[in-house]
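Have a look at the structure below before the remarks.
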Amino acid sequence: MGFLEFSGDPMDWNEIKPHVKYVKEHGIIQFLNNYQRHLERPKDILKWGDELEYMVIRFDHENRKVQVSLRGEEILKQLQTKENNSFANRLTFLWHPEHTKYMLEGIPGVPYQGDMAQFSSVETNMEMRRKEIQKWLQPDEQIITLTTFPRLGCLNFTSPSYKVVCPEFNPICQSLFIPDEAIYNHPRFLCLETNIRKRRGEKVSINIPIFKDTNTPSPFIEKFNDPAAEQAAKPDHIYMDCTCFCFGNCNLHVTIQGSDMEEAKLLYDQLAPVCPIMTALGAAAPIWRGYLADIDVRWPVIVQGVDDRTREERGLEPLKNNERVIHRSRYGPINSYLNTKSRIFNDVNIESDLEAKNILLNAGIDDLLAQHFAHLWIRDPLSLTNKIELDDSKVTDHFENILTSNWQSVRFKPPPPHSDIGWRVEFRVCEMQLTDFENAAFVVFIVLLTRAILKYNLDLCLPLSYVHLNTTKAQKNNAICKEKFHFRSNINSNKVESLSSAHVQEMSINTIINGKKDVFPGFIPLIQKYLDSVTIDTDTNLKINEYLDFISKRASGDYMTTAQWMRHFVTSHPEYKQDSVVTDSIAYDLLVRCDQIEKGEVTCHQQFNASKNKKQDNTD
């Protein structure tokens, strides 16, 4: 969860405001000092890794109820005991806190490298991480890789349970639905939850369309007995009111180290158009606050949940206390490409901090990279301690603070100071899948795609306005089968002299992933071509092909997405009343089934490759 280094006492937004200009200025200075240190950096080897986020779930089998268990903080202390007593390079995995007490984040202890055999280690490492957590669970608890808990924000959804009387009883998030006790006791998380609201000047307002079934009220309108909620909630939408609704979800990130800054910039650009495709391919979040939604992914919830823009910045009031109108939330697709050959596709107007941009340009930073950071610098720091004055020659805390509170689909990550880590890109859009097999398949697919891009000098870039449009399409109910996405057909051509010569056309995800003659070569055939060009042992090749077969069938619609499988499970449940409501007992049965699928006790052939499992799930 971003930048977790914190020393000193956390500051309230009103305490941060006087220091905003200082932090921004010194964040740029810290970046420039670090940039200079790495100018003569030798070429780096390929290194890559994943981040998985887990939910601790408590089952009450007697009463057919499922809750999130708030013991994550306690479990994390046990998991980190080994880290504190070992050499870092000997650890199999590392553990980090997450925004809520029912979440945990696990990463490999050391990065994977370029050896092809490493690809067969990913799933094994994930399985070991899961087993390590399970050692510390109580008999009624399980660890499940869910994107969102289906009854997050419903009555008594936590264990232990806390009654949310009114927002005033929740000084941190002031939610009608989520108790402050659910938030992890770390300064960054507490600051984000509080200061997003305070900077905005009001609570965040999250509205996502409800799935209209035959008995769903029309219009669908909830009563909250709270004037602010009544005003913020939209008809035919599910309403949520705090940042915890977005940071309380789980996702999968993949980080890849480039050989140098230029390669990292190139990968940043090339992965950006892939993000909407992988968003739809990994869709896993159709249920929100106990209702079926008409979206399949967490994306629009997070976009709204971290939106700290004031009414002036949102264009709702004339500018008086703020510098500019800002057209987008902190969370979203990238807004500018970084590589020189991608410049022509930067067709989205973006706001910039001109002071930061001029400092960067005068220091010799190229105009595209200067524009990138100047755009990020329109955002204020949201989490600070009272240790403001730092040694800019030694640390990059202020730089990292702003960088990691801009949540874009791909993140460009400079080397940390005084480290052997190089220039990296972080692919941030994948949702959690139920099994380690599925999660490993997504990780391996993304990394192998970058190898094919570099090997064959592919150019996937298209106008960013299309990437933004694709991002909107990817959120929809069953987007993988129902939507077509704008994509380049001539990805082998690096000589695009105008937007019209990019040959952008609408394609299905099946075409983009699997290819179609005379239309698009397909990601999987390109990866297969790459695999044929390298030395790879038989076992690793078989494992990779299992992953590619799964991705291929997910793209073709032969296998359901996790979101569609969950939607099907709910609507087929004998207690479901065609009213969009996911009751306690339905959620209980759903998560019992999710747990059984992960353990291999039942299979769901419509969701993933069933070859590893034991018993057919006849309900599907």
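Using C-alpha positions alone, give me the convex hull volume of segment 74-223 per residue in cubic angstrom.
201
Gap in Å between the Cα centre of segment 413-435 and the Cα centre of segment 149-178?
Computed from Cα coordinates, the inter-centre distance equals 32 Å.
Over the Cα atoms of the chain, each weighted equally, I'd like the Debye log10 I(q)/I(0) at q = 0.05, 0.06, 0.07 Å⁻¹, rounded to two decimals.
One equal scatterer on each Cα of the chain leads to -0.20, -0.30, -0.41.
Starting from the Kirkwood radius over alpha-carbon pairs of segment 545-595, derive D by Stokes-Einstein at 10 °C in a medium of 1.306 mPa s and give it in µm² s⁻¹.
Approximately 129 µm²/s, per Stokes-Einstein.
At 7 Å along the Cα-to-beta-carbon direction for both SER585 and CYS166, put a label point, then send me their distance in nm to one decimal.
3.5
Could you give the spread of the C-alpha atoms of segment 1-157 along their three principal axes, from largest to smallest, in whole angstroms?
Cα spread of segment 1-157 along its principal axes, largest to smallest: 62, 51, 30 Å.
Treating the beta-carbon of each Lys and Arg as +1 and of each Asp and Glu as -1, no other charges, what is the dipole magnitude of the chain about its Cα centre, to the nearest 20 debye?
740
For each pair in LYS77/LYS135; LYS65/LYS203; LYS455/LYS529; LYS455/LYS495; LYS21/LYS387; LYS101/LYS135, compute the distance between the two Cα atoms and list the pairs where it is over 21 Å.
LYS65/LYS203
Pop a pseudo-label 7 angstrom from the Cα along the beta-carbon direction at both LEU361 and SER572 and give the gap in nm to one decimal.
Result: 5.9 nm between the two label points.
With the contact rule set at Cα under 8 Å and sequence spacing of 6 or more, what percent relative contact order holds for segment 319-435?
24
Give me the distance between the Cα centres of segment 1-80 and segment 520-556, rounded to whole Å.
About 33 Å separates the Cα centre of segment 1-80 from the one of segment 520-556.
Roughly how big is segment 376-515's charge dipole about its Cα centre, with Cβ charges of +1 (Lys, Arg) and -1 (Asp, Glu), in debye to the nearest 20?
Its charge dipole is roughly 520 debye.
Which order, highest average first, do 464-474, 9-19, 211-221 follow once you tally other Cβ atoms within 10 Å for each residue and take the mean per peptide?
The peptides rank, most packed first, as 464-474, 9-19, 211-221.
For the chain, what does the relative contact order come out to in percent, with C-alpha contacts under 8 Å and a separation of six or more?
That works out to 19 percent.
Given the rule -39500 (n - 2.57) for each run of at least 4 DSSP H residues, summed and divided by the residues of the chain, what is its mean residue ellipticity at 222 nm, to the nearest 500 deg cm²/dmol?
Helix-only estimate at 222 nm: -10500 deg cm²/dmol.
Quick check: residue separation of LYS516 and LEU316 times 0.36 nm, minus the Cα distance between them. What number comes out in nm?
Result: 67.4 nm gained on full extension.
Full extension from GLU25 to LEU137: what is 0.36 nm times the residue separation minus their Cα-Cα distance, to one decimal in nm?
35.7 nm
When ranked by the protection proxy of mean other Cβ atoms within 10 Å per residue, highest first, what sequence do the peptides 58-68, 270-280, 426-436 form?
270-280, 426-436, 58-68
Take peptides 141-147, 501-507 and line them up by average Cβ neighbours within 10 Å, highest first, as a rough protection proxy.
141-147, 501-507
Rounded to the nearest 0.05, what FRET efficiency do ASN545 and GLU262 give with R0 = 30 Å and r taken as the Cβ-Cβ distance? Could you check?
0.40
Could you tell me what fraction of 2.2 N^0.38 Å the Cα radius of gyration of segment 333-382 comes to, as a two-decimal ratio?
That ratio works out to 1.12.
Laboratory data are not the source of any read-out in this text; all were calculated from the coordinates shown. None of these values were measured; they are calculated from a predicted model. When we count neighbours, we look across all protein chains shown, and the Cβ atoms used for this are built from the backbone with ideal geometry, even at glycine.
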